[in-house]
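Everything on this sheet refers to the single structure shown next.
The values are calculated or read from the model by the stated rules, or taken from the named source; none is laboratory data. Predicted model only: the values in this text are computed from it and were never measured. We place every Cβ from the backbone using ideal geometry, glycine too, and count neighbours over all the protein chains shown.
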Amino acid sequence: MVASLLQGYEDFRAFVNPLVAARAELSEEPYRMVGVRDGHLIDADGREYLDFIAGWGTQAFGHRPPRIEAAIRTFLDGDAPSFFTSNLSPFAGTLARVLSERTGYDAAFFTNGGTEAVEAALKLARAATGRTGIACLAGAYHGCTFGSVAMMHPGVFRNGFGPHLPGVEALPFGEIEPLLKALADPNLAAIVMEPIQVESGVRPLPPEFLECLCRETAVRGVLLVADEIQTGLGRTGSLLASEDWPRRPDIVTLGKSFGGGLIPHSAMLTRRPIFDHAYGTLDKAEAHASTFSGNALACVASLAALECLDDNLLEEICIKGEAFREALEHWVAPSPLVKAIRGEGLLWGIELTQPDHPYFQFDYLGLPELSGYPAVGMLAVHRLYRAGFLTHVCGHAWQVIRVQPPFTTTQQELIAFARALREALDYLWSLQ
Ligand SMILES: Cc1ncc(COP(=O)(O)O)c(C=O)c1O
(Lines give C-alpha, C1' and ligand atoms only; values in the text may rest on other atoms or scores of the structure.)
Protein backbone atom coordinates (compact mmCIF):
# COMPACT_ATOMS: atom_id res chain seq x y z
CA MET A 1 0.00 0.00 0.00
CA VAL A 2 2.77 2.45 0.95
CA ALA A 3 4.52 1.93 -2.40
CA SER A 4 1.32 2.56 -4.33
CA LEU A 5 0.64 5.74 -2.32
CA LEU A 6 4.16 6.99 -3.03
CA GLN A 7 3.61 6.26 -6.72
CA GLY A 8 0.29 8.12 -6.47
CA TYR A 9 2.08 11.22 -5.19
CA GLU A 10 4.32 11.10 -8.26
CA ASP A 11 1.28 10.59 -10.51
CA PHE A 12 -0.35 13.62 -8.90
CA ARG A 13 2.66 15.72 -9.90
CA ALA A 14 2.48 14.45 -13.46
CA PHE A 15 -1.26 14.24 -14.10
CA VAL A 16 -3.03 16.56 -11.66
CA ASN A 17 -1.02 19.69 -10.85
CA PRO A 18 2.78 19.84 -10.77
CA LEU A 19 2.76 23.26 -9.11
CA VAL A 20 0.91 21.97 -6.06
CA ALA A 21 3.72 19.46 -5.63
CA ALA A 22 6.29 22.22 -6.22
CA ARG A 23 4.62 24.44 -3.63
CA ALA A 24 4.59 21.66 -1.03
CA GLU A 25 8.25 20.91 -1.72
CA LEU A 26 9.35 24.57 -1.67
CA SER A 27 7.71 25.07 1.70
CA GLU A 28 8.96 21.65 2.86
CA GLU A 29 5.41 20.72 3.77
CA PRO A 30 5.43 17.10 4.92
CA TYR A 31 2.94 15.75 2.41
CA ARG A 32 3.95 12.13 1.80
CA MET A 33 1.40 10.82 4.28
CA VAL A 34 0.93 7.08 4.07
CA GLY A 35 -0.94 6.13 7.23
CA VAL A 36 -3.14 7.13 10.14
CA ARG A 37 -2.60 6.21 13.80
CA ASP A 38 -5.11 7.29 16.44
CA GLY A 39 -6.39 10.00 14.12
CA HIS A 40 -2.88 11.36 13.46
CA LEU A 41 -1.03 11.32 10.14
CA ILE A 42 2.10 9.21 9.59
CA ASP A 43 4.50 10.03 6.76
CA ALA A 44 6.65 7.73 4.64
CA ASP A 45 9.53 8.06 7.13
CA GLY A 46 7.29 6.96 10.00
CA ARG A 47 7.01 10.46 11.47
CA GLU A 48 3.75 11.39 13.16
CA TYR A 49 2.05 14.75 12.56
CA LEU A 50 -0.71 16.49 14.46
CA ASP A 51 -3.00 18.07 11.88
CA PHE A 52 -3.77 21.44 13.46
CA ILE A 53 -5.81 22.54 10.47
CA ALA A 54 -7.88 19.32 10.57
CA GLY A 55 -7.68 18.75 6.80
CA TRP A 56 -8.98 22.28 6.13
CA GLY A 57 -11.77 21.64 8.64
CA THR A 58 -12.91 18.33 7.18
CA GLN A 59 -11.18 16.09 9.75
CA ALA A 60 -12.84 17.53 12.86
CA PHE A 61 -13.24 14.02 14.32
CA GLY A 62 -9.61 13.10 13.57
CA HIS A 63 -8.38 11.35 10.44
CA ARG A 64 -10.33 8.16 9.66
CA PRO A 65 -12.66 8.41 12.67
CA PRO A 66 -13.60 4.86 13.79
CA ARG A 67 -17.29 5.63 14.56
CA ILE A 68 -17.88 7.12 11.11
CA GLU A 69 -16.01 4.26 9.46
CA ALA A 70 -18.11 1.74 11.39
CA ALA A 71 -21.37 3.41 10.28
CA ILE A 72 -20.25 3.36 6.65
CA ARG A 73 -19.18 -0.29 6.95
CA THR A 74 -22.52 -1.27 8.46
CA PHE A 75 -24.30 0.39 5.55
CA LEU A 76 -22.05 -1.32 2.99
CA ASP A 77 -22.59 -4.70 4.67
CA GLY A 78 -26.38 -4.32 4.30
CA ASP A 79 -28.48 -4.42 1.16
CA ALA A 80 -30.29 -1.06 1.27
CA PRO A 81 -30.21 0.88 -2.02
CA SER A 82 -27.48 3.49 -2.21
CA PHE A 83 -29.22 5.67 -4.77
CA PHE A 84 -32.88 6.53 -5.21
CA THR A 85 -33.97 7.17 -8.78
CA SER A 86 -37.15 8.90 -7.57
CA ASN A 87 -34.93 11.47 -5.81
CA LEU A 88 -36.88 10.53 -2.67
CA SER A 89 -34.19 9.26 -0.34
CA PRO A 90 -35.13 7.83 3.07
CA PHE A 91 -31.56 8.49 4.21
CA ALA A 92 -31.95 12.17 3.31
CA GLY A 93 -35.29 12.16 5.13
CA THR A 94 -33.81 10.79 8.33
CA LEU A 95 -30.84 13.16 8.17
CA ALA A 96 -33.08 16.17 7.56
CA ARG A 97 -35.29 15.19 10.53
CA VAL A 98 -32.27 14.85 12.83
CA LEU A 99 -30.95 18.22 11.63
CA SER A 100 -34.35 19.78 12.26
CA GLU A 101 -34.44 18.36 15.81
CA ARG A 102 -30.91 19.62 16.50
CA THR A 103 -31.01 23.02 14.77
CA GLY A 104 -34.66 24.06 14.41
CA TYR A 105 -34.41 24.36 10.59
CA ASP A 106 -37.15 22.22 9.08
CA ALA A 107 -36.19 22.22 5.39
CA ALA A 108 -32.92 20.87 4.01
CA PHE A 109 -31.20 20.45 0.67
CA PHE A 110 -28.13 18.23 0.47
CA THR A 111 -25.28 18.43 -1.96
CA ASN A 112 -21.62 17.55 -2.32
CA GLY A 113 -19.08 20.34 -1.70
CA GLY A 114 -19.52 23.51 0.36
CA THR A 115 -19.72 25.91 -2.56
CA GLU A 116 -22.72 24.00 -3.91
CA ALA A 117 -24.56 24.63 -0.64
CA VAL A 118 -23.78 28.34 -1.05
CA GLU A 119 -25.07 28.27 -4.64
CA ALA A 120 -28.25 26.59 -3.39
CA ALA A 121 -28.63 29.39 -0.82
CA LEU A 122 -28.17 32.14 -3.43
CA LYS A 123 -30.73 30.56 -5.74
CA LEU A 124 -33.17 29.97 -2.89
CA ALA A 125 -32.86 33.62 -1.83
CA ARG A 126 -33.63 34.92 -5.31
CA ALA A 127 -36.43 32.45 -5.95
CA ALA A 128 -38.05 32.96 -2.53
CA THR A 129 -37.98 36.77 -2.54
CA GLY A 130 -38.34 37.53 -6.26
CA ARG A 131 -35.49 40.01 -5.78
CA THR A 132 -32.05 39.72 -7.34
CA GLY A 133 -29.60 41.70 -5.16
CA ILE A 134 -27.08 39.83 -3.01
CA ALA A 135 -24.83 41.54 -0.46
CA CYS A 136 -21.77 39.94 1.08
CA LEU A 137 -18.81 41.16 3.11
CA ALA A 138 -15.33 42.16 1.99
CA GLY A 139 -12.89 39.46 3.08
CA ALA A 140 -15.33 36.66 2.28
CA TYR A 141 -14.55 33.14 1.13
CA HIS A 142 -17.64 31.16 0.11
CA GLY A 143 -16.13 28.79 -2.46
CA CYS A 144 -14.92 28.66 -6.03
CA THR A 145 -18.01 28.27 -8.25
CA PHE A 146 -19.32 31.37 -10.05
CA GLY A 147 -21.93 32.46 -7.50
CA SER A 148 -19.48 32.08 -4.63
CA VAL A 149 -16.64 33.67 -6.60
CA ALA A 150 -18.84 36.73 -7.19
CA MET A 151 -18.73 37.17 -3.38
CA MET A 152 -15.02 36.35 -3.10
CA HIS A 153 -12.55 38.87 -1.70
CA PRO A 154 -10.29 40.24 -4.48
CA GLY A 155 -7.17 38.15 -5.14
CA VAL A 156 -6.22 34.98 -6.97
CA PHE A 157 -9.46 33.18 -6.15
CA ARG A 158 -11.52 35.98 -7.80
CA ASN A 159 -9.42 38.00 -10.22
CA GLY A 160 -9.28 36.61 -13.71
CA PHE A 161 -12.69 34.93 -13.60
CA GLY A 162 -14.92 37.92 -14.46
CA PRO A 163 -17.39 39.09 -15.48
CA HIS A 164 -18.88 38.08 -12.16
CA LEU A 165 -22.52 37.31 -11.35
CA PRO A 166 -24.44 40.60 -11.60
CA GLY A 167 -26.30 41.99 -8.61
CA VAL A 168 -23.66 41.06 -6.03
CA GLU A 169 -22.17 43.79 -3.84
CA ALA A 170 -19.42 43.42 -1.22
CA LEU A 171 -19.88 45.64 1.83
CA PRO A 172 -17.00 46.82 4.03
CA PHE A 173 -16.48 44.35 6.88
CA GLY A 174 -18.26 45.32 10.09
CA GLU A 175 -19.31 48.86 9.02
CA ILE A 176 -22.86 49.85 9.81
CA GLU A 177 -23.45 52.84 7.47
CA PRO A 178 -22.76 50.94 4.20
CA LEU A 179 -24.87 48.07 5.55
CA LEU A 180 -27.85 50.37 6.10
CA LYS A 181 -27.39 51.86 2.65
CA ALA A 182 -27.37 48.42 1.02
CA LEU A 183 -30.45 47.39 3.00
CA ALA A 184 -32.36 50.41 1.69
CA ASP A 185 -32.36 48.80 -1.77
CA PRO A 186 -35.84 47.22 -2.25
CA ASN A 187 -34.29 44.72 -4.68
CA LEU A 188 -31.96 43.19 -2.07
CA ALA A 189 -32.76 39.49 -1.64
CA ALA A 190 -30.15 38.39 0.88
CA ILE A 191 -27.03 39.17 2.84
CA VAL A 192 -24.51 36.35 3.00
CA MET A 193 -21.81 36.15 5.66
CA GLU A 194 -19.61 33.90 7.75
CA PRO A 195 -20.08 34.20 11.54
CA ILE A 196 -16.28 34.24 11.72
CA GLN A 197 -14.45 35.08 8.50
CA VAL A 198 -11.71 32.49 8.46
CA GLU A 199 -9.73 33.16 5.27
CA SER A 200 -9.44 36.89 5.97
CA GLY A 201 -7.76 36.19 9.30
CA VAL A 202 -10.31 34.54 11.65
CA ARG A 203 -12.36 37.72 12.12
CA PRO A 204 -15.59 37.50 14.14
CA LEU A 205 -18.45 39.82 13.16
CA PRO A 206 -18.47 42.85 15.51
CA PRO A 207 -21.48 42.55 17.92
CA GLU A 208 -23.00 45.97 17.09
CA PHE A 209 -22.80 45.16 13.35
CA LEU A 210 -24.44 41.80 13.95
CA GLU A 211 -27.20 43.37 16.01
CA CYS A 212 -27.98 45.92 13.28
CA LEU A 213 -27.85 43.22 10.62
CA CYS A 214 -30.29 40.96 12.45
CA ARG A 215 -32.72 43.78 13.25
CA GLU A 216 -32.73 45.52 9.88
CA THR A 217 -32.88 42.42 7.68
CA ALA A 218 -36.02 41.36 9.61
CA VAL A 219 -37.64 44.78 9.13
CA ARG A 220 -36.92 44.82 5.38
CA GLY A 221 -37.62 41.17 4.57
CA VAL A 222 -34.03 40.57 3.46
CA LEU A 223 -32.91 36.98 4.00
CA LEU A 224 -29.99 36.48 6.34
CA VAL A 225 -27.64 33.73 5.16
CA ALA A 226 -25.00 32.37 7.53
CA ASP A 227 -22.29 30.41 5.76
CA GLU A 228 -21.32 28.02 8.56
CA ILE A 229 -19.19 25.77 6.40
CA GLN A 230 -16.20 26.65 8.60
CA THR A 231 -17.85 27.65 11.86
CA GLY A 232 -20.69 25.12 12.08
CA LEU A 233 -20.80 21.57 13.47
CA GLY A 234 -19.11 22.30 16.77
CA ARG A 235 -16.07 24.23 15.62
CA THR A 236 -16.80 27.17 17.94
CA GLY A 237 -18.26 25.02 20.74
CA SER A 238 -21.91 25.03 19.66
CA LEU A 239 -23.62 23.14 16.86
CA LEU A 240 -24.04 26.41 14.94
CA ALA A 241 -22.03 29.55 15.65
CA SER A 242 -25.13 31.59 14.73
CA GLU A 243 -27.22 29.92 17.47
CA ASP A 244 -26.92 32.90 19.79
CA TRP A 245 -27.34 35.67 17.21
CA PRO A 246 -30.07 38.21 18.06
CA ARG A 247 -32.04 36.64 15.20
CA ARG A 248 -31.50 33.15 13.80
CA PRO A 249 -30.40 33.30 10.14
CA ASP A 250 -33.00 32.36 7.50
CA ILE A 251 -30.57 30.09 5.66
CA VAL A 252 -27.52 28.22 6.96
CA THR A 253 -24.91 26.30 4.99
CA LEU A 254 -22.87 23.38 6.35
CA GLY A 255 -19.98 21.44 4.83
CA LYS A 256 -16.40 20.34 5.62
CA SER A 257 -16.78 17.75 8.44
CA PHE A 258 -20.49 17.22 7.65
CA GLY A 259 -19.60 13.94 5.90
CA GLY A 260 -17.52 12.85 8.90
CA GLY A 261 -14.31 13.60 7.01
CA LEU A 262 -14.77 10.53 4.82
CA ILE A 263 -17.49 11.49 2.33
CA PRO A 264 -17.92 14.92 0.66
CA HIS A 265 -21.26 16.27 1.86
CA SER A 266 -22.84 19.64 2.47
CA ALA A 267 -26.23 21.04 3.35
CA MET A 268 -28.35 24.12 3.01
CA LEU A 269 -30.85 24.49 5.83
CA THR A 270 -33.81 26.85 5.92
CA ARG A 271 -37.36 27.18 7.19
CA ARG A 272 -40.26 25.55 5.38
CA PRO A 273 -42.12 28.79 4.42
CA ILE A 274 -38.99 30.17 2.73
CA PHE A 275 -38.42 26.91 0.87
CA ASP A 276 -42.09 26.84 -0.17
CA HIS A 277 -41.97 30.42 -1.45
CA ALA A 278 -39.21 29.35 -3.81
CA TYR A 279 -40.10 25.79 -4.72
CA GLY A 280 -43.58 25.19 -3.30
CA THR A 281 -45.46 24.26 -6.50
CA LEU A 282 -45.25 21.00 -8.43
CA ASP A 283 -43.71 22.60 -11.51
CA LYS A 284 -40.90 24.19 -9.47
CA ALA A 285 -40.43 21.58 -6.75
CA GLU A 286 -37.20 20.26 -8.27
CA ALA A 287 -36.05 23.44 -10.01
CA HIS A 288 -32.81 23.35 -8.06
CA ALA A 289 -31.29 19.87 -8.10
CA SER A 290 -28.07 17.92 -7.78
CA THR A 291 -27.75 14.31 -9.00
CA PHE A 292 -26.13 12.92 -5.86
CA SER A 293 -28.29 14.91 -3.43
CA GLY A 294 -29.47 12.57 -0.69
CA ASN A 295 -27.26 9.62 -1.67
CA ALA A 296 -27.23 7.03 1.08
CA LEU A 297 -23.50 6.86 1.77
CA ALA A 298 -23.13 10.61 2.35
CA CYS A 299 -26.24 10.73 4.56
CA VAL A 300 -25.06 7.74 6.62
CA ALA A 301 -21.72 9.48 7.19
CA SER A 302 -23.46 12.73 8.19
CA LEU A 303 -25.80 10.93 10.59
CA ALA A 304 -22.78 9.32 12.24
CA ALA A 305 -21.01 12.70 12.41
CA LEU A 306 -24.03 14.26 14.12
CA GLU A 307 -24.14 11.36 16.58
CA CYS A 308 -20.48 11.98 17.46
CA LEU A 309 -21.28 15.64 17.91
CA ASP A 310 -23.43 15.17 21.02
CA ASP A 311 -23.73 17.56 23.96
CA ASN A 312 -20.75 15.95 25.71
CA LEU A 313 -18.48 16.60 22.75
CA LEU A 314 -19.75 20.17 22.39
CA GLU A 315 -18.98 20.79 26.06
CA GLU A 316 -15.55 19.20 25.64
CA ILE A 317 -14.80 21.54 22.72
CA CYS A 318 -15.69 24.55 24.93
CA ILE A 319 -13.40 23.30 27.72
CA LYS A 320 -10.55 22.55 25.33
CA GLY A 321 -11.12 25.91 23.62
CA GLU A 322 -10.69 27.73 26.93
CA ALA A 323 -7.54 25.73 27.72
CA PHE A 324 -6.19 26.58 24.28
CA ARG A 325 -7.01 30.27 24.72
CA GLU A 326 -5.06 30.26 28.00
CA ALA A 327 -2.12 28.41 26.43
CA LEU A 328 -1.99 30.83 23.49
CA GLU A 329 -2.20 33.81 25.85
CA HIS A 330 0.53 32.35 28.05
CA TRP A 331 2.99 31.02 25.48
CA VAL A 332 2.33 32.85 22.22
CA ALA A 333 0.98 36.33 23.03
CA PRO A 334 4.23 37.58 24.66
CA SER A 335 6.21 37.10 21.43
CA PRO A 336 7.03 40.47 19.85
CA LEU A 337 6.03 38.94 16.49
CA VAL A 338 2.41 38.50 17.63
CA LYS A 339 -0.03 41.28 16.79
CA ALA A 340 -3.33 39.67 17.80
CA ILE A 341 -4.89 36.35 18.77
CA ARG A 342 -8.53 35.83 17.79
CA GLY A 343 -10.91 32.92 17.96
CA GLU A 344 -13.38 30.78 19.78
CA GLY A 345 -13.71 27.09 20.61
CA LEU A 346 -11.18 25.27 18.43
CA LEU A 347 -10.91 27.91 15.70
CA TRP A 348 -8.07 30.42 16.14
CA GLY A 349 -6.06 32.91 14.13
CA ILE A 350 -2.68 34.19 15.25
CA GLU A 351 -1.87 37.44 13.48
CA LEU A 352 1.83 38.21 13.13
CA THR A 353 3.66 41.42 12.37
CA GLN A 354 5.73 41.34 9.20
CA PRO A 355 9.33 42.45 9.98
CA ASP A 356 11.11 44.68 7.43
CA HIS A 357 14.26 42.55 7.56
CA PRO A 358 15.13 40.97 4.14
CA TYR A 359 14.99 37.44 5.60
CA PHE A 360 11.22 37.93 5.88
CA GLN A 361 10.67 38.91 2.21
CA PHE A 362 9.73 36.34 -0.46
CA ASP A 363 11.96 38.26 -2.91
CA TYR A 364 14.96 37.56 -0.75
CA LEU A 365 13.93 33.92 -0.41
CA GLY A 366 14.05 33.57 -4.20
CA LEU A 367 10.29 33.70 -4.81
CA PRO A 368 9.68 37.04 -6.58
CA GLU A 369 6.21 35.87 -7.76
CA LEU A 370 5.10 36.10 -4.14
CA SER A 371 6.69 39.49 -3.41
CA GLY A 372 3.33 41.14 -2.59
CA TYR A 373 2.66 38.69 0.24
CA PRO A 374 4.03 38.79 3.81
CA ALA A 375 6.36 35.80 4.33
CA VAL A 376 6.34 35.76 8.14
CA GLY A 377 3.30 33.46 8.44
CA MET A 378 4.67 30.87 6.01
CA LEU A 379 8.04 30.91 7.79
CA ALA A 380 6.34 30.22 11.12
CA VAL A 381 4.26 27.46 9.54
CA HIS A 382 7.46 25.96 8.14
CA ARG A 383 9.00 25.82 11.62
CA LEU A 384 5.82 24.17 12.92
CA TYR A 385 6.12 21.44 10.27
CA ARG A 386 9.53 20.62 11.72
CA ALA A 387 8.00 20.40 15.18
CA GLY A 388 5.39 17.92 13.89
CA PHE A 389 2.37 20.21 13.48
CA LEU A 390 0.46 20.92 10.26
CA THR A 391 -1.08 24.40 9.94
CA HIS A 392 -1.40 27.00 7.23
CA VAL A 393 -1.85 30.72 6.74
CA CYS A 394 -5.27 32.23 5.93
CA GLY A 395 -6.02 32.42 2.19
CA HIS A 396 -6.67 36.19 2.11
CA ALA A 397 -4.32 37.08 4.99
CA TRP A 398 -0.95 35.38 4.86
CA GLN A 399 0.22 37.10 8.05
CA VAL A 400 -2.36 35.11 10.04
CA ILE A 401 -1.71 31.49 11.04
CA ARG A 402 -4.90 29.49 11.01
CA VAL A 403 -5.36 26.91 13.74
CA GLN A 404 -8.31 24.50 13.88
CA PRO A 405 -7.27 21.18 15.43
CA PRO A 406 -9.50 18.11 15.44
CA PHE A 407 -11.92 17.85 18.38
CA THR A 408 -10.03 14.73 19.47
CA THR A 409 -6.90 16.80 20.21
CA THR A 410 -5.95 16.52 23.88
CA GLN A 411 -5.27 19.50 26.15
CA GLN A 412 -1.61 18.38 26.36
CA GLU A 413 -1.37 18.48 22.56
CA LEU A 414 -2.95 21.96 22.49
CA ILE A 415 -0.37 23.17 25.01
CA ALA A 416 2.45 21.45 23.09
CA PHE A 417 1.34 23.33 19.97
CA ALA A 418 1.35 26.69 21.78
CA ARG A 419 4.87 26.00 23.08
CA ALA A 420 6.10 24.91 19.63
CA LEU A 421 4.65 28.03 18.05
CA ARG A 422 6.40 30.21 20.63
CA GLU A 423 9.70 28.44 19.92
CA ALA A 424 9.17 28.99 16.18
CA LEU A 425 8.45 32.69 16.71
CA ASP A 426 11.45 33.14 19.02
CA TYR A 427 13.68 31.56 16.39
CA LEU A 428 12.30 33.83 13.64
CA TRP A 429 12.62 36.93 15.84
CA SER A 430 16.28 36.07 16.52
CA LEU A 431 17.09 36.14 12.78
CA GLN A 432 16.85 39.93 12.51
C1 LIG B 1 -16.88 29.67 4.69
C2 LIG B 1 -16.71 28.78 3.51
N3 LIG B 1 -17.73 28.65 2.66
C4 LIG B 1 -17.65 27.84 1.58
C5 LIG B 1 -16.49 27.14 1.31
C6 LIG B 1 -16.42 26.27 0.09
O7 LIG B 1 -16.40 24.92 0.41
P8 LIG B 1 -15.85 23.86 -0.67
O9 LIG B 1 -14.39 24.11 -0.81
O10 LIG B 1 -16.16 22.52 -0.03
O11 LIG B 1 -16.60 24.07 -1.91
C12 LIG B 1 -15.41 27.24 2.18
C13 LIG B 1 -14.17 26.48 1.91
O14 LIG B 1 -13.18 26.59 2.57
C15 LIG B 1 -15.51 28.09 3.29
O16 LIG B 1 -14.49 28.26 4.12
Considering segment 66-94, residues that are within 16 Å of Gly39 (Cβ to Cβ) and out of contact with any helix residue (DSSP H, G or I) (no Cβ under 7 Å at 6 or more places or on another chain), and then whichever is surrounded by the most Cβ atoms within 10 Å (Cβ to Cβ), we arrive at Glu69
Quick check: is even one residue across segment 173-187 assigned by TED's automatic domain parsing to the domain that holds Gln230 and within 21 Å of the chain's Cα centre (by Cα)?
yes
Single residue of Ala170, Ala135, Ala140, Ala182 found to be over 24 Å from Arg342 (Cβ atoms) and of a type in the set (A, V, I, L, M):
Ala182
Single match in Ala92, Ala96, Ala184 (criterion: at pLDDT 95 or above and within 25 Å of Gly221 (Cβ to Cβ)):
Ala184
Please enumerate the residues belonging to segment 382-402 that are closer than 16 Å to Leu41 by Cβ and either in contact with a Ser or Thr (Cβ under 6 Å, 6 or more places away or on another chain) or among the hydroxyl-bearing types (Ser, Thr, Tyr) (or both).
Leu384, Tyr385, Thr391
Name the residues in segment 96-120 that are more than 10 Å from the ligand (Cβ to nearest atom), in a helix (DSSP H, G or I) and either closer than 18 Å to Leu240 by Cα or outside the structural domain of Gly294 (by TED's automatic domain parsing) (or both), would you?
Ala96, Arg97, Val98, Leu99, Ser100, Glu101, Arg102, Thr103
Matching entry among Ile134, Ile176 (being farther than 19 Å from Trp56 by Cα, modelled with pLDDT of 95 or more and crowded, with 24+ Cβ neighbours inside 10 Å)
Ile134
Gln412 vs (1) in contact (Cβ under 8 Å) with a residue 24 or more places away in the chain; (2) over 21 Å from Pro154 (Cβ atoms); (3) assigned to a helix (DSSP H, G or I): all pass except (1)
Listed by range, strands (runs of 3 or more DSSP E) wholly within segment 218-334 having at least 2 residues that are small (Gly, Ala, Ser) are 266-270
